[in-house]
Amino acid sequence: MKEKALSSLCTPALVVDVDKVKRNARMMIERCQNLGVQLRPHMKTHKTLECADIMTGGSRRCIAVSTLAEACFYADHGFDDIIYAYSLPLDKVERCADLSERLDLFQILLDHPHALDELKKRPLRDGRLWHVWLKLDCGNGRAGVLHSQPEAFSLAQAIVGTKGVELTGVYAHCGNSYNCRGVEQIQAVAQETTDLTLQFMEKLKASGITCKSSIGSTPSCSHPVKDMGKLSEVHPGNYGFYDVQQSVIGSCTLEEVAVKVLTRVIGHCPHRNQLLIDCGWCGLSLDGAGKLPLDML
Ligand SMILES: Cc1ncc(COP(=O)(O)O)c(C=O)c1O
C-alpha cells in the first residue's frame, strides 16, 4: 500500500503485506513439493478467504482449522477436505456430524476412548464414515496420547475396530519447536517428531494398520528435515504472516514478517522521554505482549 493510503487508515490497524504473504506461501509450497509431502495449511492465524486462497494455491482443498466457527466459515465458502485439528470436545459431536454429512471430507482429531464412544452413539447418515486422525503427543506436551504409552496403540486399534469410523491418519503437532533458538534446534525437534511418528506408523503397519501421517508447525516446516518426506502431510499455518516471535526463534527473518500493527503518535511526554501511541495492549494481540518471554520483547 502506498504511504498516502497507509496514513489515511484509522489506527490501530493490522497492515498485511500481501506480496510477502504470497512469497511466504510460495516458499512453503515449494518446500513441500521438494520433500514430496502434501501441504495442509492451517487457517487459525489469519482466518480469511484471501489468505486461504493464497495458501491453498486457489484449490480451496486440504486445510486445517482450530474451531468449528472456522470450519463452517470455510465450508460455507466452498472449501472442502477440512481437518478440525483440535481434541474433539464432546459437546461438538453433533456439529461435527453435520459437517461430515455435508462435505466430501470433514476430518476430526481424537485422543481419548471417550470421544470414540461418542462417535459410536452418532453414526453418520448415508453410509458415511467418521474420518478420524489419532492425535499423538511426540513431545509437544499439550493434547494427544503420548507416543510411548500403550494407550496410543490400543486407541488406534479401537478406532480401526469401530464400525462407521475410519482411522484416516496419525497427527502430531510439534509446538515444542517454539522453545527452540535457531535452525539447528528447530530441526532437532522436527527430526524427533518425525522419527517418533514414523516409528508409531511402523508399529501400526506391523499389525496390519495403514493410514496417513502428519506432523508440523511453522518453525519445523520452514526448516524441514529430509525424513519429513516419508510422511503423508504437514500442517503449518502461521508462516503466511510469520511474526516477531518466529523471527526470534529462527523460523524466519524479520524481512519475511508480512504483518504490522499501524499506529500513530497521540502524545509527547518529554518529561518522561516517552511518546504515547494510539495502540493499546489488545491492539498488539488478544493476549497482549505479556505472554512473550522478556528476551523477545
Ligand atoms: C493442532 C495444530 N496444528 C497445526 C498448527 C499450526 O502450527 P503453526 O501455528 O506453528 O503454524 C497448530 C498451531 O497451534 C496446532 O495447534
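Within segment 1-26, restricting attention to residues that are touching a Phe, Trp or Tyr at 6+ places or on another chain (Cβ under 8 Å) and assigned to a helix (DSSP H, G or I), the residue that is surrounded by the most Cβ atoms within 10 Å (Cβ to Cβ) is Asn24.
What do you reckon, is Met228 at pLDDT 95 or above, closer than 22 Å to Arg61 by Cα and part of a helix (DSSP H, G or I)? So Met228 passes the test. Looking across segment 195-230, the residues that are closer than 24 Å to Glu256 by Cβ and away from the ligand (no atom under 11 Å from the Cβ) come down to His223, Pro224, Val225, Lys226, Met228, Gly229.
Counting the residues of segment 37-69 that are farther than 24 Å from Ser232 by Cα and within 13 Å of the ligand (Cβ to nearest atom) gives 2.
Being more than 16 Å from the ligand (Cβ to nearest atom) and more than 25 Å from the chain's Cα centre (by Cα), is that true of even one residue in segment 108-115?
First pass over segment 108-115, keeping only residues more than 16 Å from the ligand (Cβ to nearest atom): 113-114.
Then drop every residue that is not more than 25 Å from the chain's Cα centre (by Cα), which leaves none.
Checking segment 108-115: not a single residue is more than 16 Å from the ligand (Cβ to nearest atom) and more than 25 Å from the chain's Cα centre (by Cα).
Can you confirm whether Val257 is in contact (Cβ under 8 Å) with a residue 24 or more places away in the chain and within 16 Å of the ligand (Cβ to nearest atom)? Answer is yes for this residue.
Would you check if Thr56 is touching a Pro at 6+ places or on another chain (Cβ under 9 Å) and polar (S, T, N, Q)?
Values: touching a Pro at 6+ places or on another chain (Cβ under 9 Å): yes; polar (S, T, N, Q): yes.
For Thr56, the condition - touching a Pro at 6+ places or on another chain (Cβ under 9 Å) and polar (S, T, N, Q) - is met.
Okay, residues lined up against (1) surrounded by fewer than 18 Cβ atoms within 10 Å (Cβ to Cβ); (2) within 17 Å of Glu233 (Cβ to Cβ); (3) touching a Phe, Trp or Tyr at 6+ places or on another chain (Cβ under 9 Å); (4) not hydroxyl-bearing (Ser, Thr, Tyr):
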residue: Asp80; (1), (2), (3), (4): yes, yes, yes, yes
residue: Tyr86; (1), (2), (3), (4): no, yes, no, no
residue: Ser100; (1), (2), (3), (4): no, no, yes, no
residue: Gln107; (1), (2), (3), (4): no, yes, yes, yes
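Note on segment 104-118: among residues that are without any contact (Cβ under 8 Å) to a residue 60 or more places away in the chain and in a strand (DSSP E or B), the one that is farthest from Ala69 (Cα to Cα) is Leu110.
When Phe73 is tested against (1) without any contact (Cβ under 8 Å) to a residue 40 or more places away in the chain; (2) closer than 19 Å to Leu99 by Cα; (3) within 16 Å of the ligand (Cβ to nearest atom), only condition (3) is not met.
Residue-level check: of (1) part of a loop (DSSP other than H, G, I, E, B); (2) farther than 25 Å from Leu231 by Cβ; (3) within 16 Å of the ligand (Cβ to nearest atom), Pro123 misses just (3). Is it fair to say Cys252 is within 14 Å of the ligand (Cβ to nearest atom), in contact (Cβ under 8 Å) with a residue 12 or more places away in the chain and assigned to a helix (DSSP H, G or I)? So Cys252 does not fit the description; no. A count restricted to segment 142-175 and to residues that are within 16 Å of the ligand (Cβ to nearest atom) and under 18 Å from Lys205 (Cα atoms) stands at 6. Contact map, segment 173-193: residues that are among the hydroxyl-bearing types (Ser, Thr, Tyr) paired with residues that are outside any helix (DSSP H, G or I) and surrounded by 19 or more Cβ atoms within 10 Å (Cβ to Cβ), Cβ distance under 6 Å, separation 6+ or inter-chain. Pairs shown: Ser177/Ser217; Thr193/Cys138; Thr193/Ala172; Thr193/Cys174; Thr193/Ile215.
Do any helices (runs of 4 or more DSSP H) lying entirely in segment 35-103 carry at least 1 residues that are assigned by TED's automatic domain parsing to the domain that holds Arg128 and under 30 Å from Pro123 (Cα atoms), and which ones are they? Outline the logic, then answer.
Numbers: elements: 49-55, 68-76, 93-102.
Here the list reads 68-76, 93-102.
The values are calculated or read from the model by the stated rules, or taken from the named source; none is laboratory data. The shown structure was predicted, so the numbers you read here are calculated from the model rather than taken from an experiment. Note that each Cβ is placed from the backbone with ideal geometry, even for glycine, and that neighbours are counted across all protein chains shown.
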